[in-house]
Each structure stands twice: as C-alpha cells, then as structure tokens.
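To keep things clear, I will list the structure first and then write my remarks on it.
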Amino acid sequence: MASGWTELPDDNEVLEQVYVKLENIGFRVGRRLAERYAPVGRRLTDTLDVVKFVCKDMWMVLFNRQVDNLKTNHRGIYVLQDNKFKWFLRMSSNHGGAAAARRAQPYTWLPCGIIRGVLDSFGVNAVVSPETLGLPQCTFQIKVVANE
Amino acid sequence: MKIHCIAIINRHGNPIYLRNFDNYQEDVKYHYLAHTSCDVIEERLTTKASDLYLGLLQTVGDMVVYGYAMNTGNKIILVMSVPESLVRGAEIRDIFQQIHAAYIAVICNPFNEQRIEDRIESKKFDKAVAELGRIHAK
C-alpha cells in the first residue's frame, strides 16, 4: 500500500462516533460564528435569506469564497454546491477518484455541523448531509425540519 | 438620562439576563416591563424594518422602554427614566451596540460551556453592563 494512505476503519460504529463528535463541535462553532457574523444592517426574515447568508457571508468567512451554486425546491430542501471545496483542493489518491472521495468524507462532517449550527441560530431546524462525487467538488444538502 | 434596567430575552421569550440599577424597585417590576415589551417587539418585527434598533417601545409612568432585536432572535430591552432634554437616537443605539458586542464576546468565548439559550453567567459581561450603568447613572 502506498505510504501515507490509510483506509477508513471498517467499523461503522467508530465512524459513527467520530461523525457525532465532529458534527457536534461544528454545531457549537456554527452557533458562535452566526452570533459573531450576523449582519447588523439588515434583517434575515425567511429561511432563504438565512441559507443565502450561509452561502455568501459564512462561506466567505470559512473558505474565503462563495458557494458556487444554490438549488432549492422551495419546499425545504436546499443544495449548496461548491466546485472547489477548499479542504479538498490538495487531496488526491492513486487509488482512483472514488476511493479518494470516500476517504475525504470525514472532512465534510465539521462543515455540516457548522451549517446546522448557523441555521439553528436563526431559528431554522435542519438536517445537513454531505455528498462528494469527485474531489474537489462537494455538495451539502440542507433539509429543513418543520418546527413543532 | 438614567438607565434603570438592562434585560435580554431569548428567541423563545425566556429572560436570559436582567440587571436592575434601581435601588427603589424590585426586579419583578422590570421582568414585567421586559415581557410586556415583547409583544411590541413582535409587532415591530413584522413591519419589515431592516434595522436591528427598534426605537421607543412604550412609556410607563416616568420610564421609557427601548428595544433592540438581534438577527439571531435575542432581544435587548433598555429601561430608562424619561429624559429631560431631547434624546438622540444615536446615543441609545450606541448603548445597545455596546451590550450586543459584550454579548457576542460572551458567546464566542470557547471556554464558555453553557448553552446559548441559557442564562448569561459571565463576570466580564456583568462588568460591561455595570460600566454602562455607571456611565448613565444620571
């Protein structure tokens, strides 16, 4: 096996624990970032405003660029697509693109938590899931959960 | 222009901070004032105002109540005595911005383990608020 390449552990339980931990840290970071960078000159009124804030301002703070593409079905699903996700720019493998994408998956868990934390700060309850088809592209799907 | 009380209410309407600068009134009076202001704030928020500063909310006896709503849903309520001279909005706005800044500093403290919805327990925040009360004691 090539040096420096470690496969992810097969144990799903371990991965699950890592996911929960990273996502929770991200959530806390997101809450704080939202409070810190919330706009003072305008008011975010609806969910789309908040998602746009994530795409523009938050992405600028985190990755120094804006999200490339935002898609929505106007029924609570938003897809954020970043074609040059900063953390993936210098990642590759000699095991093929799919293997590299799978290996890079854990790196998307923290930003997932951050997005969820920011949304939560503005009163939007959501589930965020990542998807990577090929590095350095990355998409985050936001599914808004109806407030009870 | 004396500050009587500074209160913060979270998104769900729970008081997360209240500081009473008045020696003659009990806290409960200001809790009451803060919560009666919530309705007025809700009303103001629906009118698509883009400013965080909401202006004068209500006048009760010899006290005036001002409001400020953060984008994250928390509201700051400021109770002052009726000013003798003309008040400049900028001055009130400035007080709110200082409270907001102090609040952000508390939230962003990574060693602060408390949940964001909970009561603010921070010596630094207490100090910042006390300082404001001291400056505007007359």
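Only one of the numbered conditions (1) small (G, A, S); (2) touching a Gly at 6+ places or on another chain (Cβ under 8 Å); (3) within 14 Å of chain A (Cβ to nearest Cβ) is violated by B:S37, and that is (3). Within segment B:58-94, the set of residues being more than 20 Å from B:N20 (Cα to Cα), hydrophobic (A, V, I, L, M, F, W, C) and surrounded by fewer than 16 Cβ atoms within 10 Å (Cβ to Cβ) comprises B:L86, B:V87, B:A90. Considering segment B:1-13, and only residues there that are away from chain A (no Cβ under 14 Å) and surrounded by fewer than 18 Cβ atoms within 10 Å (Cβ to Cβ), the residue that is farthest from B:V87 (Cα to Cα) turns out to be B:K2.
Does A:F85 fit the bill of being among the aromatic types (F, W, Y) and under 10 Å from A:L135 (Cβ atoms)? Spelling it out, A:F85 is indeed among the aromatic types (F, W, Y) and under 10 Å from A:L135 (Cβ atoms).
Would it be correct to say that A:N73 is surrounded by fewer than 14 Cβ atoms within 10 Å (Cβ to Cβ) and without any contact (Cβ under 8 Å) to a residue 60 or more places away in the chain? Even if it seems obvious, please write down each step before you answer.
Values: surrounded by fewer than 14 Cβ atoms within 10 Å (Cβ to Cβ): yes; without any contact (Cβ under 8 Å) to a residue 60 or more places away in the chain: yes.
Yes; evaluated as a whole, the condition is true for this residue.
All of (1) surrounded by fewer than 15 Cβ atoms within 10 Å (Cβ to Cβ); (2) free of Cβ contacts under 8 Å to residues at least 40 places away in the same chain; (3) away from chain A (no Cβ under 14 Å) hold for B:Q25 with one exception: (1). If you go through segment A:78-97 one residue at a time, do you hit one that is surrounded by fewer than 14 Cβ atoms within 10 Å (Cβ to Cβ), within 17 Å of A:F27 (Cα to Cα) and hydrophobic (A, V, I, L, M, F, W, C)? Scanning segment A:78-97, I find no residue that is surrounded by fewer than 14 Cβ atoms within 10 Å (Cβ to Cβ), within 17 Å of A:F27 (Cα to Cα) and hydrophobic (A, V, I, L, M, F, W, C), so the answer is no.
Of all residues in segment A:16-39, those that are under 22 Å from A:F53 (Cβ atoms) have Cβ atoms under 7 Å from Cβ atoms of residues that are crowded, with 18+ Cβ neighbours inside 10 Å and basic (K, R), 6 or more apart or on another chain, in A:F27/A:R116; A:G30/A:R116. Within segment A:16-48, if we keep just the residues that are facing chain B (nearest Cβ under 7 Å) and among the hydrophobic types (A, V, I, L, M, F, W, C), the residue that is nearest to A:H74 (Cα to Cα) turns out to be A:L44. Among residues belonging to segment A:115-136 that are touching a residue at least 24 places away in the same chain (Cβ under 8 Å) and either aromatic (F, W, Y) or more than 14 Å from chain B (Cβ to nearest Cβ) (or both), point out the one that is surrounded by the most Cβ atoms within 10 Å (Cβ to Cβ). The qualifying residue surrounded by the most Cβ atoms within 10 Å (Cβ to Cβ) is A:I115. When segment B:115-138 is filtered for residues that are under 18 Å from B:N14 (Cα atoms) and charged (D, E, K, R), the ones remaining, listed by number, are B:R115, B:E117, B:D118, B:R119, B:E121. If you go through segment A:70-126 and keep only what is among the small types (G, A, S) and either part of a helix (DSSP H, G or I) or closer than 23 Å to A:P136 by Cα (or both), you end up with A:S92, A:S93, A:G96, A:G97, A:A98, A:A99, A:A100, A:A101, A:A104, A:G113, A:G117, A:S121. For segment A:98-133, residues that are out of contact with any Cys (no Cβ under 9 Å at 6 or more places or on another chain) and polar (S, T, N, Q) total 3. Strands (runs of 3 or more DSSP E) fully within segment B:37-133 that include at least 2 residues being more than 11 Å from the chain's Cα centre (by Cα): B:53-60, B:63-69.
Every number here is computed from the coordinates shown, using simple stated rules; none is lab data. Treat the numbers as computed from the prediction; the structure is a model and nothing was measured. Every residue, glycine as well, gets a Cβ built from its backbone with ideal geometry; the counts of neighbours run over all protein chains shown.
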